[in-house]
1. Which longest run of chain E has no exposed loop site in it, a site being trypsin sites (Lys or Arg not before Pro) in a DSSP loop with at most 16 other beta carbons within 10 Å, and the site itself not part of the run?
2. Quick one: which residues, 5+ away or cross-chain, put their amide H under 5 Å from the amide H of E:Gly193? H built at 1.01 Å from N.
3. Below 8 Å between Cα atoms, with a sequence gap of 6+, how large is the relative contact order for segment E:122-202 in percent?
4. Taking amide hydrogens as modeled 1.01 Å from N in the peptide plane, which residues meet the under 5 Å criterion relative to D:Thr88, leaving out close sequence neighbours?
5. Per DSSP helix of 4 or more residues, -39500 (n - 2.57); summed, then divided by the residues of the protein assembly as shown. What does that give at 222 nm, rounded to the nearest 500?
6. Quick check for me: using +1 on Lys/Arg Cβ and -1 on Asp/Glu Cβ, what's the dipole size of the protein assembly as shown about its Cα centre, in debye to the nearest 20?
7. Where Lys and Arg each count +1 and Asp and Glu each count -1, what net charge lies around E:Ile183 among other residues with Cβ under 10 Å from its Cβ?
8. Tabulate in residue order the Karplus-calculated ³J(HN,Hα) for segment E:9-25, using 6.51 cos²θ - 1.76 cosθ + 1.60 with θ = phi - 60°, rounded to whole Hz; enter x for Gly and Pro.
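Bear in mind these aren't lab numbers, they're just calculated from the coordinates by the rules spelled out. Owing to the predicted nature of the structure, the values given are computational and were not obtained by experimental measurement. Here the Cβ positions follow ideal geometry from the backbone for every residue, glycine too, while neighbour counts run over all protein chains shown.
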6 protein chains.
Amino acid sequence: MSRRVATGVRGLDTMLAGGLLPGTAVLVEGAPGTGKTTLGLQFLWEGATHGEPGLYLTFEEFPEDLYRDAAGFGWDWRQLESEGRLRTVFTSPEIALADLTTPGSPLLQDIHTLGIRRVVIDSAAHFREITVDPVELRRHYRVAVNALKREGVTTLLLDEDNQWIGGLAQAPHGLSFVVDSVIVLRHVEIESGIRQALFILKQRGSAHEREIRQYHITARGLEVEAAFRGREGILTGSPRRSVAQRAVDAFG
Amino acid sequence: MSRRVATGVRGLDTMLAGGLLPGTAVLVEGAPGTGKTTLGLQFLWEGATHGEPGLYLTFEEFPEDLYRDAAGFGWDWRQLESEGRLRTVFTSPEIALADLTTPGSPLLQDIHTLGIRRVVIDSAAHFREITVDPVELRRHYRVAVNALKREGVTTLLLDEDNQWIGGLAQAPHGLSFVVDSVIVLRHVEIESGIRQALFILKQRGSAHEREIRQYHITARGLEVEAAFRGREGILTGSPRRSVAQRAVDAFG
Amino acid sequence: MSRRVATGVRGLDTMLAGGLLPGTAVLVEGAPGTGKTTLGLQFLWEGATHGEPGLYLTFEEFPEDLYRDAAGFGWDWRQLESEGRLRTVFTSPEIALADLTTPGSPLLQDIHTLGIRRVVIDSAAHFREITVDPVELRRHYRVAVNALKREGVTTLLLDEDNQWIGGLAQAPHGLSFVVDSVIVLRHVEIESGIRQALFILKQRGSAHEREIRQYHITARGLEVEAAFRGREGILTGSPRRSVAQRAVDAFG
Amino acid sequence: MSRRVATGVRGLDTMLAGGLLPGTAVLVEGAPGTGKTTLGLQFLWEGATHGEPGLYLTFEEFPEDLYRDAAGFGWDWRQLESEGRLRTVFTSPEIALADLTTPGSPLLQDIHTLGIRRVVIDSAAHFREITVDPVELRRHYRVAVNALKREGVTTLLLDEDNQWIGGLAQAPHGLSFVVDSVIVLRHVEIESGIRQALFILKQRGSAHEREIRQYHITARGLEVEAAFRGREGILTGSPRRSVAQRAVDAFG
Amino acid sequence: MSRRVATGVRGLDTMLAGGLLPGTAVLVEGAPGTGKTTLGLQFLWEGATHGEPGLYLTFEEFPEDLYRDAAGFGWDWRQLESEGRLRTVFTSPEIALADLTTPGSPLLQDIHTLGIRRVVIDSAAHFREITVDPVELRRHYRVAVNALKREGVTTLLLDEDNQWIGGLAQAPHGLSFVVDSVIVLRHVEIESGIRQALFILKQRGSAHEREIRQYHITARGLEVEAAFRGREGILTGSPRRSVAQRAVDAFG
Amino acid sequence: MSRRVATGVRGLDTMLAGGLLPGTAVLVEGAPGTGKTTLGLQFLWEGATHGEPGLYLTFEEFPEDLYRDAAGFGWDWRQLESEGRLRTVFTSPEIALADLTTPGSPLLQDIHTLGIRRVVIDSAAHFREITVDPVELRRHYRVAVNALKREGVTTLLLDEDNQWIGGLAQAPHGLSFVVDSVIVLRHVEIESGIRQALFILKQRGSAHEREIRQYHITARGLEVEAAFRGREGILTGSPRRSVAQRAVDAFG
């Protein structure tokens, strides 16, 4: 229906019927170690190298760590920063909220000056450090997301839950309301190993693939592979072979 | 037994033995991304194009987002608004409650002037932002529902729970008392994919189908399909093949 | 051992070895949409049409809604009210408690004047709105139940829990102590549908059937059917076929 | 090793290697409707008709209800009360605690005058109404149990938990320390019915049978039957047939 | 690697590669009725009759009850107390903590005078009655354990959890840090009966057997038997036959 | 991509594609008795004997206990301490935090003087004793980790959770954000025994093996063995044989 924003992740754009919808906010919900930061870097790198400047807004990671992480995938972050194609801001969620709602704030100036089209916020979890009041928290989510929508940028909102393994965890209170799309990253145990699974739970205003797909974190970032054929109960974290597959295993 | 209010969702009206009962309040309980907003829009569109003006009362979504969402299904919301057949109100739950109980309030005037017959409230969850006191909350639910019943309108009360996948979650405290019907929307994992399931848990004063049906969100809105034949445990979120089906799989 | 109070529900009276014990309090614990109100109406209608006047004490439902519900089953509630055979009281739990313990209160006068033999309280859940203190709550339950026992009436105490599907929920704190019998209504998922199951968990001073039976809500009210033969784990909400049944399915 | 106190329940005394140890306190932990009160009455009746006067200390049940319950099993409670062989006391846990620790209190006088050898306390749950402080609560349990031990009586301490079905609930905090023995009563679902199961979890200073046995509540009180042969997972509340039994079912 | 401290429990010493390490603190974590007190008595009796005087420090049990329990196993506790080989102290956790850290306190004098080599503390759970503050609680555990380590004694710290059946409970907060070894006692349901299972979860500075073994409480105390061969899922509390065993059952 | 820091654990370095990344912080999350301390000692011993001095910072263990534990593996800790190759510091988390952030503090002087390259913190759990405020706690984690990163040392942050058996526990709030890698140690029940399982959940900036491997604690420390072939559901704590393996068992 409209132009798509390619994530740069092989396979994920296909799942998204071409990419994200421009100007939307996307929640990336993942367990520790599922590659949320990598996905964020990859999303911005894809944009920056295709004419869409990007901003990485981090409340936790030192920029140096991000540079090193990016370098591990062959992405020279500093170079593109020096060219005005990328920008990394290390701040607190309180300051970010204030800046996003204050016309002429340094953050908004950056967005305007550089023509930022893509933003990554690392992470939504840090808003939960500002307040434990669910109403106030929801207001913060909404303020941040709406401010970025006003700028017309496409935003990845990274969020980490505490569930090591499996996928039946609950949505973070109030956050799924605010976003247009939800991508979930999970560890699952298959054949005595820990595999990574990705699925799209929601994409507002657009169809999307509904398979649960395995992905790998390779030297080129995330790569989405085949769906988990022949498995049931993937999202329990401990899938079992499906019956058809069992028959093949046992008698095939 | 009485005239029915067609939802406009293919298959759902059949499940409802023709549609909703006029003048009742219907809880639509769904996980994030199950299409609650789409169902709400579809319900109002169906009415507006068949002589029953509708009102979308939202505490969260910007009207612009709703217009865009509707447009994605080919529904020109603004056009019907300009014709007085649809009305979108973006307000807070507190103001909505006050308006619904104040004779001559702008909201009630709208309802009367336009001859509103259908209302969608998006969402019941926002009432839980007003108070954490269960007694007060229940009173709010009741006030809103009863005020709309007095107007004779049929109301969809959208509600979101935090359960990503599966269906054994608990009913929101106090809400199931207040409504006449309950429709539940769920994500379930089947054959390595995330599918959508719908069932009717309660319909006051009328029989209804009790199958759990799969549905799709298509370019024309929700479409309810066949029941999940050959599956057990759908509402655990991770169904297994039933035994009869297993025999067919393995030996058939 | 003594005369029984027929509930009017086909099959349930058989399970109860003839009916309820006169003068006892019966907890009807059910999930949303399992037909608790219908059972209450049916119980009173059965009595009123067989010489036992009844009182419906509601803290939530408008009498008009009850009249409509009753009419849906062919029960002309208003007619029997006008004949003094039924009485509907819409009040608050606080006032009901005060009335039940005040000699000569309007409620007790009604009971005496009309010769009420059956009472339905809709619902026990509303007592939990008066207080969160478990000791005080239990005292309220006890006061209400004992006051009605003093009047010699047989009472159905409707109660709703929040569990959508399945039956392993916990008993409401303190309530099971106070009542003489417990009837449980549940939704369970069978063959991709939501079915209704009923069982008797307790009947003081009398034997009772211990099967879990399926029931339907028909145009004549609840009808209790056969037990769930060939199923195990019904009360998990997601039963499986029993092994004997599987053998029949697979090889039979 | 020492004389035993017969419970009067057929089968249970066998499980207890002859009966309870004299002078001990026995926790009877059961779900609603499992027959705890019946067991208590039966225990006292057995004693009273065999030269061991008994005391029923109730914080909840009206003596009239107990008389009626007992009569249902053919036990003429009033008659034995008039003969000084039984005594029923309806009081509060606070007063009971005070009386048990005050030399010459009415309660202790009763115990001494009548030569009480068996006591039933209905129920331990009511002590939890006095305080929510776990230390104080434990002290209350201990005071009550130790006072009765000083009198040399054998005590059944009835306790109700909130778990409708199944048996994996947790022990009530601090109570299992205080008692010498624990008997557990449970509802379990078998072949579409609710059955009753009993097992002994602890018997201080004596061996005891460790089978889980089915029991019935008959016209003569509780009767303990065979163990649940051919079943696994009884205490999950939803047992499955064991594999050996499945083979018999399927091929036998 | 060093001399071992035999527990006196047949089979357990084998599992411990000869016994406990001298001067260590061992947590014995068990459900109600698993025989913790018996194990404690047996441990001290074994020492006392082999030249290692022992101290039973109880916060709950009356010494008379312990004497009786011991007598049930043929252990004449009073006799060995009169010979200075055993000592039983009934005190509060507060006083015990004060005494253990006050040079010259009665408790430490006893330990020195009698040459105590083994101590049983019954139970660690009572420390949780002093405080609910986890930091302070942990300090108490540590103070008690370290004071006893300074005396060079080997300590069994009995602890009771509330889980009736099964073994997947959580470790008591902060306690597993403080101790050198952990022995777990559990009830499990097997073939319609309640069996007892024991395993060693941790033994600092030494190898140990890692099987889950069944044990019995016999007239001679605990006796550890064979491992639970042919079972899976023992620690769920409701084990299933393993597949290999199933094949034997079905076809063997 | 860069030089690796060998852990000294046979098999683990292979899983880590050569070892840990220098200058990173690694969370070692384990249940009680899984060998976290042993792994910490082994990591430092490996370094100290290969030119990389190490510091063991303990908030719980007496240095004497560590010396004894190390000696049990043949590691003469005192000797290497006297040679300035190892350093053991027993302090409180508050003092450690203050020292790590105060230039010239004794702790930092030690690190500089001895040329410390490896640090073990035993344990992260003790930071949770300083505060229950999640924001403050996260700040403490971050301060400690960042201070050590500034020194360029590689840090093992030991952490204990309360889950006896199984692996589906939740990540400690806020901690997984702060660290670069996560290694998880678990007890699992297999064939009636308690086995130890290890997997790497996250390794920032590097690929790593994703198998779940069994390990043993031997006389030479941890030794990582083969993956758990033929098992499914390892991280439930109670694995089942996979279907392929079942076929081999039953028919092979």
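1. The answer is E:5-219.
2. Long-range HN contacts for E:Gly193: D:Ile212.
3. Across segment E:122-202, relative contact order equals 25 percent.
4. Under 5 Å from the amide H of D:Thr88: D:Tyr56.
5. Computed ellipticity for the protein assembly as shown at 222 nm equals -9000 deg cm²/dmol.
6. Rounded to the nearest 20 debye, it is 3620 debye.
7. Around E:Ile183, the surrounding residues sum to +1.
8. For segment E:9-25, the Karplus curve yields 8, 4, x, 5, 4, 4, 4, 8, 6, x, x, 6, 7, x, x, 9, 10 Hz.
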